[in-house]
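Have a look at the structure below before the remarks.
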Amino acid sequence: MTDVDLEFARVRAVLDRPTLRLMSRPTSATVLAVFRTVFDRDVQYVPADRMHLQVEEHVARLQATGARVPASEQTAGEQQDQDARPNGRALCREWVAAQWLVRSNSPDGDEQYSLTSHALEALSLVDALSSDRALISESRLAMIVDAVHRWAARAEPDPDVQIRRIDAQIAELQAERERLEQGDVDTVDDARMRDGYTNISDLIRQLPSDFKRVEEAVATMHRSIVEDFRQEVRPIGEILDDYLVRTDNLMEATPEGRAFEGAFELLRDDALLLRLRDDIATILAHPFADSLGAGERRAFRNTVSILRQGIEDVLAQRRQLTATLRDQIVAHDVVRDRELDAVIRSINRGLATWMDGGSARDRLPLGLLPATAEVGTLRERFYDPDAESVPPPIEEPDDDVFEDLDVEMLRRHGGPLLTELRAALRFAEADSSVDAFHGLPDEQRRPVELFGLAHLLTGHEDFESAAHVAEHRTVRPDGSPVAFRMPTAALDADRRTGTPDTTNDEHAQEAR
C-alpha cells in the first residue's frame, strides 16, 4: 500500500466521523442552528417533550424563510409534503441514530436530550470560524512560548539548571516588583486584551466536547462490560480486571482522559479555583469587556461551572457503571440466565423453522399466558418425629422431700404478731417502744415484728417525726441475730392505757 493509499484511508475515516457528516450535509446549517438555539452555553440537558416542541418550532420557522430543512421519516403510505409541519420526535430520533444527540434519563426518571461530543465539536468549530480574529497573534505565541518554557523546566533532569531557571524567574519578578513600586505601570490596550480573551475562549470552548468524549468512552465501556456479563463469555473476575485496566487506560492513555484528570486535580485545589475566579473577574473588569456581549460575558464567567458540570457528568457515568457491576455481581444467577438463554434459543429455532415453511400471511395461534397447572392439594405440614412421639411418663413425687408442717412452724414464718406486740406496748414498764420490744422473748422479736411495731406506732408524733432512732435487735426463726435501726416512740401512762385502732388491727389480723 502506497503513501497516497494510506492518506486516502486516513482522510476517509476522518470524513466518516459524525462531526464532519453533520457539517457536510445540505441541511447542516439548519441542524447546527437548532442545536445552538436549544442548547445554549448554560443548557446541557433538555427534557424530551420540550426538545420535540422546540425542534418543531425552530425547523418550521426556518422552513418558512426558505431554508433547507431536514425531512423527517414518513410512515408507510404517507405522501411526502415539503410544506408539512416537521415532526420533532422523528427528527430527534434520526439525530440520535446519527450520534449527534443522546437520549437518557434524568435523576427524576424523565427522558432528556443532550449533545454528543461530535455535535459539540462541530459547534465549537463553527464558533471558532465565525469569530473575526487573526490566526497568529501576540497572545497565542506568548501562550505557546510560556507553555513550552514551563514544560521544559519540568522536563529538565539537571537540578543545577532548574535552580538557575528559578533564580532567573525570581530576579525577573523582583525587577517587576521594583518597577511597580516606583509607579511605572504598563497598561494593556483593548486590542491586546481582546486578543488574549479570544485565545482563552477558544480553549474554554473545547472543554465541553472533551468532557463529553470521556463520558461517551465510559458509556461505551459500560455497554461492553454489560454485554460480557449477559453473554457469560468470560468469568466475572476477568471482566472486573478488564474494567479496572480499561479505566486506567482511559484516564491515562487518551487525551480526553488526561484532560479529565487535570481538571479533576484542579477542582481539588480550592485556592486555585478561587484564584481562577478572581482572575476571570479581573479580566472582565477591563474596559475592553464593555464590547463583549451578555452571552460572551456569561460564558466566560461560568468557566468554573463548566468544569464542575463536565466532571460531574463523567463521575455520574462512572457511578452508573460501578452500580451496574455491583448489581450484576450481587444479583447474577448463572443457572437462571442459562435457562432463559436456552428458552430464547429454542424460540428462535422454532421461529426459523416456522418461517422456512410458512408465508407472510400465515397465522400461528400463540397463547399469551401459560396453561394453568393441575396441582392437587399440597401438604401444609410434613412428618415430624417429635410431634408423633409419646410424652415421657410423669414421675411420682417423693413424699419424703417435704418436712411435716405444723401450725407453730407456719406461725414462725408468718407475719407480725400484733396481739403480743400490742400487749407488750400496753403493759410494759418501759418508757420507750424499743425497750418494750427488747423485753419480748426471742420468738416474738423476729425481723418481721418491726413491721407490726411500725403499724402500731403510726400516728405517734415522735415516731412520725423520727425524733429518736434506736437499734432494734431481732432474732430470726433459725436463731441468728440481726439489728435494724428505726424510729422509737415514748410510752407514757396515757398511751400505755389508751385504746389502739382496732380497724388496723383487724385488717392486719386478716392479712396475717
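With K and R counted +1 and D and E -1, the other residues having a Cβ less than 13 Å from that of Arg445 yield a net charge of -2. The label-point distance for Ala175 and Ala373, in a model that sets each label 7 Å from Cα toward Cβ, rounds to 9.2 nm.
Note on Arg89 and Ser346: the model spin-label points, each 7 Å out from Cα along the C-beta direction, lie 3.8 nm apart. Across the stretch 432-487, Cα pairs under 8 Å and at least six residues apart give a relative contact order of 36 percent. The fewest-to-most ranking of Met409, Met221 by surrounding Cβ atoms within 10 Å reads Met409, Met221.
In a fully extended conformation the segment linking Ala294 and Arg36 would gain 91.3 nm over its present Cα-Cα distance, using 0.36 nm per residue. In this rough spin-label picture, where each label sits 7 Å from Cα along the Cβ direction, the Val11-Asp146 distance is 3.8 nm.
Given a Förster radius of 41 Å and the C-beta distance between Arg336 and Glu57 as r, what FRET efficiency does 1/(1 + (r/R0)^6) yield to the nearest 0.05? Once rounded, the FRET efficiency stands at 0.25.
We did not get these values from a lab; they are worked out from the coordinates using the rules stated. Bear in mind that the values here come from a model prediction, so they are computed numbers and not experimental data. Note that we place each Cβ from the backbone using ideal geometry, even for glycine, and neighbour counts take in every protein chain shown.
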